[in-house]
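These notes concern the structure reproduced below.
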Amino acid sequence: MRDTLKHRGMRNKLADVLKAKGIVDRKVLDAIRTVPRHLFMESGFEGHAYQDKAFPIAADQTISQPYTVAFQSELLEVRPGDLILEIGTGSGYQTAILLQLKAKVYTIERQLELFKKTNLFFKKMGYRPKKVIFGDGYKGLPEIAPFDGIIVTAGAPEVPKALLSQLKVGGRLVIPVGLNEQIMTLYIRKSEKEFEKKELGAFRFVPLLQDKN
């Protein structure tokens, strides 16, 4: 599959839709305009790539709705060079948006089929996360921490303490919390012991599973 002018036009329209839904960060909207989402999906579903909808991918997972990707990215407030940990690589689309925002991204995927597929895809496309890891996202990545931001792209029944502990002071954790429906939750680390918590509306994600490799 190629990336054509037609695709770019569709991305511009998608960015306009997201803007109308309340996404204001220009760098996030520019990333949506730039990253070819259709290449992260099976070629037969290319026509669905620029609708603001989630879509099934391999291993019973989904490529998140563009609005959700933009919303989580905006909450992270990524600055160039920020160290970001992503829990749930999935198709790699969210990873690519973070890379477009000039973050240094470590990303963890627990589904072996997806891990292998996405890792190969990144190499083919020239996307260069710092590391793509096959493992349990619940544990985070203590050997690389602390992080400027941590983003979780699956619904967690509760907030893993390991992730909170791996944030820098001033760092932000964006995580959907809940069982059937999740509340998008932002934690900002104010000091060694203190976190500010904000709840930002209901979303639906596939579940974040522990110890399932």
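The values are calculated or read from the model by the stated rules, or taken from the named source; none is laboratory data. Just so it is clear, the structure is predicted and the values come from calculations on it, not from any experiment. We place every Cβ from the backbone using ideal geometry, glycine too, and count neighbours over all the protein chains shown. Note: areas computed on protein heavy atoms with side chains; ligands, DNA, RNA excluded. Shrake-Rupley method; radii C 1.70, N 1.55, O 1.52, S 1.80 Å.
Kindly evaluate Lys102 against the criterion of being among the charged types (D, E, K, R), surrounded by fewer than 22 Cβ atoms within 10 Å (Cβ to Cβ), modelled with pLDDT of 95 or more and more than 22 Å from Lys117 (Cβ to Cβ).
On the way: among the charged types (D, E, K, R): yes; surrounded by fewer than 22 Cβ atoms within 10 Å (Cβ to Cβ): yes; modelled with pLDDT of 95 or more: yes; more than 22 Å from Lys117 (Cβ to Cβ): yes.
Yes.
Is it the case that some residue within the stretch 185-201 is over 15 Å from the mean Cα position of the chain (by Cα), exposed (fewer than 12 other Cβ atoms within 10 Å of the Cβ), part of a strand (DSSP E or B) and among the small types (Gly, Ala, Ser)?
yes
Return yes when Leu164 is under 19 Å from Arg189 (Cα atoms), modelled with pLDDT of 95 or more and assigned to a helix (DSSP H, G or I) and no when it is not.
Working: under 19 Å from Arg189 (Cα atoms): yes; modelled with pLDDT of 95 or more: yes; assigned to a helix (DSSP H, G or I): yes.
It is true that Leu164 is under 19 Å from Arg189 (Cα atoms), modelled with pLDDT of 95 or more and assigned to a helix (DSSP H, G or I).
Let me confirm something: among Thr107, Thr62, which residue is open to solvent by 20 Å² or more (accessible area, probe 1.4 Å), in contact with a strand residue (DSSP E or B) (Cβ under 8 Å, 6 or more places away or on another chain) and closer than 26 Å to Gly149 by Cβ? It would help to see each step written out before you state the result.
Details: Thr107 fails: open to solvent by 20 Å² or more (accessible area, probe 1.4 Å).
Within the list Thr107, Thr62, the selection yields Thr62.
Kindly list the number of the only condition in (1) open to solvent by less than 10 Å² (accessible area, probe 1.4 Å); (2) within 15 Å of Lys198 (Cα to Cα); (3) in contact with a helix residue (DSSP H, G or I) (Cβ under 9 Å, 6 or more places away or on another chain) that fails for Gln182.
Looking at each condition in turn, Gln182 falls short on (3).
Counting only residues that are among the small types (Gly, Ala, Ser), touching a helix residue (DSSP H, G or I) at 6+ places or on another chain (Cβ under 6 Å) and farther than 19 Å from Ser73 by Cβ, how many does the stretch 119-156 have?
If we filter the stretch 119-156 for residues that are among the small types (Gly, Ala, Ser), which is where we start, we get 126, 135, 137, 140, 145, 149, 154-156.
If we keep only those that are touching a helix residue (DSSP H, G or I) at 6+ places or on another chain (Cβ under 6 Å) too, we end up with 140, 149.
When the remaining residues are screened for being farther than 19 Å from Ser73 by Cβ, the result is 140.
So the count comes out to 1.
If only one of Glu46, Glu86, Glu74 is charged (D, E, K, R), open to solvent by less than 70 Å² (accessible area, probe 1.4 Å) and over 17 Å from the mean Cα position of the chain (by Cα), which one is it? So that I can check it myself, show each step before the final result.
Details: Glu86 fails: over 17 Å from the mean Cα position of the chain (by Cα); Glu74 fails: over 17 Å from the mean Cα position of the chain (by Cα).
Glu46 is the lone residue from the list that is charged (D, E, K, R), open to solvent by less than 70 Å² (accessible area, probe 1.4 Å) and over 17 Å from the mean Cα position of the chain (by Cα).
Does any residue of the stretch 127-135 turn out to be open to solvent by 40 Å² or more (accessible area, probe 1.4 Å), more than 28 Å from Asp16 (Cβ to Cβ) and modelled with pLDDT under 90?
no
Residues Gly149, Gly170: which one is surrounded by fewer than 15 Cβ atoms within 10 Å (Cβ to Cβ) and within 26 Å of Phe203 (Cα to Cα)? Break it down into steps so the answer makes sense when it comes.
Details: Gly149 fails: surrounded by fewer than 15 Cβ atoms within 10 Å (Cβ to Cβ).
Testing whether each residue is surrounded by fewer than 15 Cβ atoms within 10 Å (Cβ to Cβ) and within 26 Å of Phe203 (Cα to Cα) leaves just Gly170.
Which is assigned to a helix (DSSP H, G or I), more than 13 Å from the chain's Cα centre (by Cα) and either on the phi < 0 side of the Ramachandran plot or free of Cβ contacts under 8 Å to residues at least 60 places away in the same chain (or both), of Tyr127, Tyr138?
Values: Tyr127 fails: assigned to a helix (DSSP H, G or I).
Matching residue, one of Tyr127, Tyr138: Tyr138.
Condition first: β-branched (Val, Ile, Thr), under 20 Å from Gln182 (Cα atoms) and surrounded by fewer than 21 Cβ atoms within 10 Å (Cβ to Cβ). Can you find one or more residues in the stretch 17-37 that meet it? If you could, list the steps in order and put the result at the bottom.
Start the filter on the stretch 17-37 by keeping residues that are β-branched (Val, Ile, Thr), which leaves 17, 23-24, 28, 32, 34-35.
If we keep only those that are under 20 Å from Gln182 (Cα atoms) too, we end up with 23.
Filter once more, keeping what is surrounded by fewer than 21 Cβ atoms within 10 Å (Cβ to Cβ): 23.
Yes, some residue in the stretch 17-37 is β-branched (Val, Ile, Thr), under 20 Å from Gln182 (Cα atoms) and surrounded by fewer than 21 Cβ atoms within 10 Å (Cβ to Cβ).
Restricting the search to the stretch 1-16, which residues are of a type in the set (Asp, Glu) and either surrounded by 16 or more Cβ atoms within 10 Å (Cβ to Cβ) or more than 15 Å from Tyr93 (Cβ to Cβ) (or both)? Before you say what the answer is, go through the steps one by one.
Just the residues of the stretch 1-16 that are of a type in the set (Asp, Glu), to begin with: 3, 16.
The one that is of a type in the set (Asp, Glu) and either surrounded by 16 or more Cβ atoms within 10 Å (Cβ to Cβ) or more than 15 Å from Tyr93 (Cβ to Cβ) (or both): Asp16.
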